[in-house]
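Mind having a look at this structure? Questions to follow.
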Amino acid sequence: MISKRNFPIVLLILGAGVFVAFRTLGIGANPNPPTKYERILHNVGEMLEQIHYSPKAIDDKFSKEVFTKYLADVDVEKNVLLQSDIEELRAKYETKIDDEILARAPIEFVPAVGDIYKKRLAETEVIYKDILSKPFDFTTNEDVDQNYDKVDYPKNDAERKDAWRKRLKYLTLERYSDLLDAQEAAKNKPGFVARSKEDLEKEARDKALKVMDRFYERLKKKGDDDDRFNMYVQTIVQCMDPHTDYFPPVEKRYFDEQMSGHFFGIGASLKEEDGNIKVTSLVTGSPAWKSGQIQVGDIIAKVGQGKEEPVDLTGSQVEDAVKVIRGTKGTEVRLTLKKADGATKIVSLIRDEIVQDEQTFARSAIINSSKGKIGYIYLPEFYADFDNPKGSRCSIDVAREVTKLKEEKVDGIVLDLRFNGGGSLYDVVQMAGLFVEQGPIVQVRDRDGKPQILPDHDKSVLYDGPFAVMVNELSASASEIFAAAIQDYHRGVIIGSTSTYGKGTVQRNIGLDKTLGFSDANSELGTLKLTLQKFYRISGGSTQLRGVASDIVLPDLYEYSKIREKDNPDALPWDEIAKAEYTPWKYAYDLTVIKGMSNDRLKNNQAFNLIKSDAEWLSQENDKVFPLNLQKYRDEQKQIKATIKQIESLSKLTDANQLKVQGLPEDAHKYDGDKDKADRFQQWLKDKKTDIYLGEAVNVLDDMITQKNLVYNK
């Protein structure tokens with residue numbers, strides 16, 4: 001599979017392998033009135049300077065950053081352009097991009113890159129076809145370094161060809177190893193005919209060639225002027241911060257359609273990134289979600305229809321991927337996934353109708369523990385139907401679930417915000433108010449510097465018993481605001497990864513058409529999702545970059561993956577402001593005692609200890625050079641797969657230790673008449689029974705219940 005590590009991604013947006021210079025579109029000719037492209041670029045520049053929360057100066061330094069980042073996107077693996085090409089471009093344009101943005105100079109940089117890239121792309125097409133026409137020797141001991149930040153551009157044609165040889169050899173090696181595995185698995189089946197290693201190696205090269213040919217063919221057919229210009233604008237805005245984005249009209253419309261459509265599929269939202277199709281979210285209750293085997297960040301490398309030969313998605317667009325993943329209800333689709341740790345996994349799913357009302361809704365259950373009843377509430381995101389006054393809102397739904405749990409006389413409640421990427425700020429404030437008395441919940445500051453305090457005005461508290469919040473590395477934005485407020489008030493215990501994601505910024509979609517006063521978020525010039533504000537805890541510190549540190553840390557697979565905000569070099573910095581006036585929770589628990597009891601359990605918990613050591617090992621494996629020797633490659637893959645399998649096994653409680661999870665009596669007939677929904681709900685309950693992380697959260701709640709009883713009995 002080709003990824004950011006093993007194929008030049010430039011091809012994605014530069015497209016076609018043929019650049020049409022913007023000069024032919026009027027860009028650079030300084031026409032009057034300005035062209036569409038000039039209007040977009042200049043409006044973007046003005047908005048970044050005048051509205052962005054913390055804009056970088058658009059000067060020569062900024063120009064150099066855009067220059068480097070754009071070329072890094074153009075030639076990720078540094079095996080298309082030569083070092084001499086980079087130096088030629090640097091001499092002419094490295095400090096002139098800011099002039100293009102600010103309308104002081106014609107737009108020439110992108111056309112110049114295109115002129116060079118067109119020539120080099122044609123050369124590399126010849127190179128890859130030639131290399132893949134000859135057998136590889138997988139017995140030699142050599143490696144391929146796929147840390148492209150440390151790799152230099154080739155100095156000459158010979159260096160470039162050798163770089164391509166190693167990349168293509170690794171691409172073929174992956175497929176050759178798969179073919180060997182398939183032959184080994186089929187050898188005892190009727191009609192089996194063994195094939196020679198030479199035959200399998202040739203098939204692997206043919207498969208690699210098909211991937212490359214399709215990739216280059218797509219470049220020639222689907223790239224246009226808009227794509228190439230859009231990449232330039234996106235590079236510019238991303239240099240401000242990771243959450244400022246440029247959406248061309250077509251992409252904005254497609255995004256809106258995806259958010260509201262009904263179809264038969266697997267229930268995974270996708271995006272194209274670095275030449276791969278990546279999972280960005282899962283629809284609650286969908287086949288992908290129910291499988292428990294697909295996570296956000298997974299790369300879908302191949303898609304097979306039933307037992308048919310799978311289609312390799314490398315180099316495909318999201319629309320292309322969607323077409324092969326969607327299909328008829330009840331049919332099988334097989335996904336070959338590349339996990340964040342580098343492992344490959346095949347998952348078989350049965351397509352179903354993707355019901356949007358199951359995507360975000362809160363739901364609850366009861367867990368019978370040794371100390372009593374624990375209420376469990378799952379909230380996948382902070383949703384709100386802004387277009388419908390009577391539509392669903394998470395704060396109202398969570399309040400309803402809390403009320404139901406109170407009626408069942410639960411002794412404690414745990415709120416699960418793992419993988420919750422955020423949502424409605426208003427609902428965060430309202431929801432936090434369910435658990436604390438009247439007071440500030442979060443502070444918000446714009447670029448003018450004066451913070452605004454967003455308070456809960458309701459003096460009442462819906463639930464005042466033992467409370468815990470579960471988070472992980474992908475709990476972001478609104479999730480972090482909620483967790484921070486609970487932590488600052490000492491209202492409950494935060495349980496999970498060392499810290500949450502660390503997104504403490506606020507964005508808004510703004511249309512780029514000045515004639516409409518920037519009011520149309522679906523402007524024909526496109527839309528800028530612009531960072532306008534920053535969140536701060538009521539204790540003063542920002543959630544930006546640092547996130548929220550858990551009170552009780554549980555080892556997990558993603559701890560060492562570079563997926564948090566802090567891992568992006570363009571992320572805005574952490575800072576702090578004055579704390580707000582607030583009164584900590586009057587029934588605060590002794591957190592030192594609670595943490596000590598949990599730490600004692602974790603020290604003696606073999607599963608968590610092994611998960612920690614396995615995650616550390618996998619993170620080291622992911623950063624190393626990759627062997628091009630068949631036996632070494634297969635030995636490494638065997639060890640990686642065994643480690644992943646062990647982690648998956650360890651993450652589930654054994655039959656003897658399974659949690660006693662049950663639905664609420666009030667929900668017993670909630671899905672009468674809809675068997676599919678009923679089955680999905682039962683599967684959800686079943687999954688919770690084996691969740692080792694939920695198991696420790698229940699233990700923590702038990703400790704809090706014990707501590708509360710001791711205080712009350714004095």
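Quick check on my link table: of Lys189/Lys632; Lys210/Lys278; Lys406/Lys595, which ones sit more than 24 Å apart, alpha carbon to alpha carbon? Could you put the intermediate results ahead of the total?
On the way: Lys189/Lys632 28 Å; Lys210/Lys278 21 Å; Lys406/Lys595 26 Å.
Among Lys189/Lys632; Lys210/Lys278; Lys406/Lys595, the Cα-Cα distance tops 24 Å for Lys189/Lys632; Lys406/Lys595.
Which of the GluC sites (Glu not before Pro) found in the stretch 261-338 are loop residues per DSSP with 10 or fewer other Cβ atoms within 10 Å of their Cβ?
Sparse-neighbourhood loop GluC sites (Glu not before Pro): Glu308.
For Cα pairs less than 8 Å apart in space and 6+ apart in sequence, what is the mean separation divided by the residue count of the chain, i.e. the relative contact order in percent?
Computed value for the chain: 13 percent relative contact order.
Turning to a different aspect of this structure: Once you have a ≥ b ≥ c as the square roots of the Cα gyration tensor eigenvalues for the stretch 531-612, tell me rounded if a/c is under 1.5, and otherwise prolate or oblate according to whether a/b is larger than b/c.
Details: a/c = 4.44, a/b = 1.24, b/c = 3.59.
It comes out oblate by the Cα gyration axes.
Please give the contour-minus-distance gain from Asp227 to Val593: 0.36 nm per residue of separation, less the Cα-Cα distance, rounded to one decimal in nm. Numbers along the way, then the final one.
On the way: separation 366, 0.36 × 366 = 131.76 nm, distance 5.74 nm.
Length difference between fully extended and current span is 126.0 nm.
What's the carbon and sulfur percent of the chain's accessible surface, probe 1.4 angstrom, rounded to a whole number?
Details: 15920 of 31680 Å².
Carbon with sulfur: 50 percent of the solvent-accessible area.
Whose amide H sits under 5 Å from the amide H of Leu337, counting only residues 5 or more places off or on another chain, with H placed in the peptide plane?
Sorted by chain and number, the residues that satisfy this are Ala301, Lys345, Ile346, Val347.
Then there is this: Checking the cross-link filter: which aspartates and glutamates have an alpha carbon closer than 19 Å to that of Lys61, excluding same-chain neighbours under 8 positions apart?
Glu46, Glu49, Asp73, Glu87, Glu88, Glu94, Asp98, Asp99, Glu100, Glu108, Asp241, Asp570
Suppose every Lys and Arg Cβ carries +1 and every Asp and Glu Cβ carries -1, with no other charges. What dipole size does the chain come out with about its Cα centre, to the nearest 20 debye? Display every interim value, and only then the final one.
Details: 105 positive and 117 negative charges, 251 e Å.
I would put it at about 1200 debye.
Right, another one. Once the Cβ-Cβ distance between Glu217 and Asp446 is put in as r, and R0 is 45 Å, what FRET efficiency do you end up with, to the nearest 0.05? The partial results should precede the final answer.
Values: r = 48 Å, r/R0 = 1.06.
The formula returns an efficiency of 0.40 here.
Still on this structure, please answer the following. Compute the accessible area per residue over the chain, keeping the other protein chains in place, probe 1.4 Å, unit Å². List each step's numbers first, then the result.
Details: 31680 Å² over 714 residues.
Per residue, the chain has an accessible area of 44 Å².
Say the dipole of the stretch 356-477 comes from +1 at the beta carbon of Lys and Arg and -1 at that of Asp and Glu; which of Gly375, Val428, Val398 then lies farthest toward its positive end?
Gly375
Now for a separate question. Straight-line reach from Lys652: which aspartates and glutamates have a Cα under 14 Å away, not including same-chain ones fewer than 8 places off?
Partners within reach: Asp556, Asp687, Asp691, Glu696.
For the chain, restrict the atom set to alpha-carbon positions and state the Rg and Dmax in Å.
27.1, 84
Compute the FRET efficiency between Lys645 and Tyr426 as 1/(1 + (r/R0)^6), taking r as their Cβ-Cβ distance and R0 = 51 Å, and round to the nearest 0.05.
0.70
Separation between the Lys271 and Gln83 pseudo-spin-labels, each 7 Å from Cα along Cα→Cβ, expressed in nm?
3.5
Relative to the Cα centre, what is the charge dipole magnitude of the stretch 276-346, using +1 at the beta carbon of each Lys and Arg, -1 at the beta carbon of each Asp and Glu, and rounding to the nearest 20 debye? Please list the in-between numbers first.
Working: 11 positive and 8 negative charges, 43 e Å.
Result for the stretch 276-346 is approximately 200 debye, rounded to the nearest 20.
Another one. At a threshold of 8 angstrom on Cα-Cα distance, excluding pairs fewer than six apart, so keeping six or more, what relative contact order does the stretch 36-145 reach in percent? Walk me through the numbers on the way to the answer.
Working: 58 pairs, mean separation 32.1, N = 110.
This gives 29 percent for the stretch 36-145.
Ok, one more. So which chymotrypsin sites (Phe, Trp or Tyr not before Pro) in the stretch 329-431 are both in a DSSP loop and have at most 10 other Cβ atoms within 10 Å of their Cβ?
Numbers: sites: Phe361, Tyr376, Tyr378, Phe382, Tyr383, Phe386, Phe419, Tyr426; in loops: Phe361, Tyr383, Phe386, Phe419.
Listed in order of number, the matching sites are Phe386.
Let me ask another. If the cut-off is a Cα-Cα distance under 15 Å, which aspartates and glutamates reach Lys586, setting aside same-chain residues fewer than 8 apart in sequence?
Excluding near neighbours in sequence, the set is Glu437, Asp464, Asp488.
May I ask which of Lys129/Lys624; Lys503/Lys529; Lys345/Lys562; Lys450/Lys529; Lys64/Lys118 have a Cα-Cα span longer than 26 Å here? Working shown, then result.
Working: Lys129/Lys624 28 Å; Lys503/Lys529 15 Å; Lys345/Lys562 21 Å; Lys450/Lys529 22 Å; Lys64/Lys118 23 Å.
From the list (Lys129/Lys624; Lys503/Lys529; Lys345/Lys562; Lys450/Lys529; Lys64/Lys118), the Cα-Cα distance tops 26 Å for Lys129/Lys624.
Can you sort Trp617, Trp585 by 1.4 Å-probe accessible area, starting with the largest?
Numbers: Trp617 60, Trp585 20 Å².
Greatest to least solvent exposure: Trp617, Trp585.
Working out 0.36 nm times the residue gap between Glu309 and Val126, then minus their Cα-Cα distance, what length gain in nm do you get to one decimal? Display every interim value, and only then the final one.
Values: separation 183, 0.36 × 183 = 65.88 nm, distance 2.77 nm.
The Glu309-Val126 span can extend by a further 63.1 nm.
Still on this structure, please answer the following. Would you pull out the residues with amide H under 5 Å of Val283's amide H, same chain only if 5 or more places away, H placed 1.01 Å from N?
Ala268, Ser269, Trp289
Trypsin sites (Lys or Arg not before Pro) within the stretch 438-533: which are DSSP loop residues with at most 10 other Cβ atoms inside 10 Å? Can you show the working numbers first?
On the way: sites: Arg445, Arg447, Lys459, Arg491, Lys503, Arg508, Lys514, Lys529; in loops: Arg447, Lys459, Arg491, Lys503.
Of the trypsin sites (Lys or Arg not before Pro), the ones in loops of the stretch 438-533 whose Cβ has at most 10 other Cβ atoms within 10 Å are Lys459.
Okay, moving on. Stretched out fully, how many nm does the piece from Ser460 to Asp115 gain, at 0.36 nm a residue minus the Cα gap?
Details: separation 345, 0.36 × 345 = 124.20 nm, distance 6.68 nm.
Contour length minus Cα-Cα distance gives 117.5 nm.
Rounded to the nearest 0.05, what FRET efficiency do Asp676 and Lys92 give with R0 = 45 Å and r taken as the Cβ-Cβ distance? Could you check?
On the way: r = 61 Å, r/R0 = 1.35.
Efficiency, rounded to the nearest 0.05: 0.15.
Now for a separate question. Checking the table Lys134/Lys166; Lys373/Lys603; Lys660/Lys686 against a 20 Å threshold on Cα-Cα, which pairs fail? All intermediate terms of the calculation are to be shown ahead of the outcome.
Numbers: Lys134/Lys166 13 Å; Lys373/Lys603 26 Å; Lys660/Lys686 10 Å.
In this structure, Lys373/Lys603 lie more than 20 Å apart at Cα.
Continuing with this model, one more query. Excluding Cys394 itself, calculate the net charge of residues whose Cβ lies under 12 Å from the Cβ of Cys394, where each Lys or Arg counts +1 and each Asp or Glu counts -1. Numbers along the way, then the final one.
On the way: positive: Arg363, Arg393, Arg400; negative: Glu381, Asp385, Asp397, Glu401, Asp427.
So the environment of Cys394 carries a net charge of -2.
The values are calculated or read from the model by the stated rules, or taken from the named source; none is laboratory data. These numbers come from a predicted model, not from an experiment. FYI the Cβ positions are ideal-geometry reconstructions off the backbone, even for glycines, and counts take in every protein chain you see. Surface accessibility is based on the protein's heavy atoms, side chains included, excluding ligands, DNA and RNA. Shrake-Rupley method; radii C 1.70, N 1.55, O 1.52, S 1.80 Å.
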